[in-house]
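Asker: Below you will find the structure I want to go over with you.
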Amino acid sequence: MSWRIVAERNARDPYRSRSLWVHLGVFVVLFGVAGYLTSSQSGALAGALVGLVAFFVPLVALAVGYQSVAQSRQNGGLRVVLSYPHTRREVVVGTAIGRAVVMALLVTAGFVAAALVSLVGGGVPEIGPLAVAWALGVLLGASIVSFAVGLSASVRTTNRAAVGAFGTYLLFLGLWGQLPGLVRYVLNGFSPPQGPTPEWALVFNQLNPITAFQVAGRELVSGTPLPGDAFYTTAWFGVLVLVLWLAVPLVAGMERFERSDL
Amino acid sequence: MTALELRSLHKRFGDVVALRGVDLTVESGEVFGFLGPNGAGKSTTIDIVLDFLRPTSGSASVFGLDAQSEAKRIRRRIGVLPDGYHLDGHLTARHHLEFAIDSKDADDDPAALLDRVGLGDVLDRRVGGFSKGMAQRLLLGMALAGDPDLLILDEPSTGLDPNGARRMREIVREEADRGATVFFSSHILGQVEAVCDRVGILADGNLVAVDTIDELQDAVGSKATMTVTLDGSPEGVLAEVRNLGGVSNVSLDGDGTTVSLSCPDHRKVEVVDALRGDGATVLDIETSDASLDDLFAAYTEERA
């Protein structure tokens, strides 16, 4: 199985590199601190970890993925891999899976550290919500890693991939919510729009993977779903959005990669 | 059976034309040397065969399989030493060899492959600390995994010391004896003439010649000169030397003990033996090899 061999190679290489240990250390410390701070409040850990994951996992996932294909294309590593019986698509998919596994291990290490610290501090970690938060965290990590690998496959150099990854982080973290307002401003003849926010703008807001993760976390982990009964405020819409982020950019990047000169 | 076939292969990068219609057929079991100066288009040609690059027009096929649409099936049957490669420094030689073996679905022993390329006991060392020559040997070992039907070696001697270069030639011969086809590129004539059945010469995106090594050497023989200094006069054997095939421009210099002549490389030993025929001792031999430039000159003059 080609994608498996490539995935293994990708999971293994960062395993031996220094940056991975730095990531791992930061995960364990940050999640451990969250476990420590919430150990006196029962039932607070899972919710706290959802907040931590939303902020921190996308950043690390972009870092884990953005160089993958572009760097190997730039330095010639790809010329070795593609000298063996693997297709370009298999290489991209295998890379995404390998890096997603690394990301999942980081998230898992963080959750284990948080739970252990919480236990030692006298808290009682709530297993059910923690497990759901963990699963959502792994899904968010996999989505962003997959996006980053797709981005990496569609550009020629690591510099461009870095610019793309940094821009993406800014977009996800803040600019996303401003885009509908900007579009409405332009549509309104460059003057501030009046009236209630249209539904398309509300839907667009929920398409941000971080928002999607937070919405799903609120409902499935903390049990406090968003008010209203619109389909796009449900946890399952959030999960669907994450799955789309996992698949669509990867396929787009893969097709571009497939058609280009290396 | 045809191992490799290029048909009217063109490749343009923006304004730069790299290949201007290359036609070439390499038969199964041949050892084929692909010669040309840097920038002639050798790597571009090989990259198209490996589907790293897509041709602007024309086609490349390996064992009848199209290089673009059936790349994976081709890669199952070939062993590649690519140019401009990068090895993952964090991984060991064993990891790299296992990647090659697993990818090929082969059952080679990593240690045995490493041994074949003369890299002894570095199996579990990270390749980050490898020299260029060691990396080159490792890649050759990887390429040998699964007994490929066709070996494609892009500038295989780069960075190799004389021992490494000799091992490389031995392996090329061993693989050819096993029945494999070998296609390798070089910009140095000396590296291909020792092992190749046929040679193709690429210059500025055109294949200017495809010939056996003997015909090639005959074509450029007049350009290779040798000067031999003896401890006595060789006049008694000069006639014999002049009669050797391919030898020309024989002249006696200095105080009558120095002979200069032109001859193809593979005649040099016979020439020296003949000069020593009546007991003279050879004090010094100087040779100037036919360079690729001479080779191109010979072929382009012939064509003009």
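Asker: Mind listing whichever residues of the stretch A:205-234 are at pLDDT 90 or above and of a type in the set (A, V, I, L, M, F, W, C)?
Answerer: A:207, A:210, A:212, A:213, A:215, A:216
Asker: Pairs needed: first member in the stretch A:233-247, closer than 16 Å to residue A:134 by Cα; second member anywhere, among the β-branched types (Val, Ile, Thr); C-beta distance under 7 Å; at least 6 residues apart or different chains.
Answerer: A:235/A:215; A:238/A:215
Asker: It is to be established whether one or more residues within the stretch A:86-101 are assigned to a loop (DSSP other than H, G, I, E, B) and within 13 Å of chain B (Cβ to nearest Cβ).
Answerer: yes
Asker: Here's something else I'd like to know. What number of residues in the stretch A:177-203 are surrounded by 15 or more Cβ atoms within 10 Å (Cβ to Cβ) and either at pLDDT 90 or above or part of a loop (DSSP other than H, G, I, E, B) (or both)?
Answerer: So the answer is 1.
Asker: Please verify whether the stretch B:87-96 includes one or more residues that are of a type in the set (Val, Ile, Thr), under 15 Å from residue A:83 (Cβ atoms) and more than 8 Å from chain A (Cβ to nearest Cβ). Show your work before the answer.
Answerer: At the first step, the residues of the stretch B:87-96 found to be of a type in the set (Val, Ile, Thr) are B:92.
If we keep only those that are under 15 Å from residue A:83 (Cβ atoms) as well, we get none.
Checked against the condition, which is being of a type in the set (Val, Ile, Thr), under 15 Å from residue A:83 (Cβ atoms) and more than 8 Å from chain A (Cβ to nearest Cβ), the stretch B:87-96 yields no hits at all.
Asker: Return the residues of the stretch B:26-38 that are surrounded by 15 or more Cβ atoms within 10 Å (Cβ to Cβ) and either farther than 16 Å from residue B:156 by Cα or within 14 Å of another protein chain (Cβ to nearest Cβ) (or both); say none if nothing qualifies.
Answerer: Passing the criteria: B:26, B:29, B:30.
Asker: May I ask you to verify whether residue A:72 is part of a helix (DSSP H, G or I) and either more than 20 Å from the chain's Cα centre (by Cα) or surrounded by 23 or more Cβ atoms within 10 Å (Cβ to Cβ) (or both)?
Answerer: Judged against the criteria, residue A:72 is a match.
Asker: Follow-up. Determine whether the stretch A:242-251 contains at least one residue that is part of a helix (DSSP H, G or I) and farther than 24 Å from residue A:103 by Cβ.
Answerer: No: zero hits.
Asker: Taking the stretch B:49-61 on its own, how many of its residues are more than 8 Å from every other protein chain (Cβ to nearest Cβ) and either within 19 Å of the chain's Cα centre (by Cα) or without any contact (Cβ under 8 Å) to a residue 40 or more places away in the chain (or both)?
Answerer: Final tally of qualifying residues: 1.
Asker: Just give me the residues in the stretch B:62-85 being more than 7 Å from every other protein chain (Cβ to nearest Cβ) and either assigned to a strand (DSSP E or B) or in contact (Cβ under 8 Å) with a residue 60 or more places away in the chain (or both), in sequence order.
Answerer: B:62, B:63, B:64, B:65, B:66, B:77, B:78, B:79, B:81, B:83
The values are calculated or read from the model by the stated rules, or taken from the named source; none is laboratory data. Predicted model, so just to flag it, every value in this text is computed and none were measured. For neighbour counting, all protein chains shown are included, and Cβ atoms are generated from backbone atoms with ideal geometry for every residue, glycine included.
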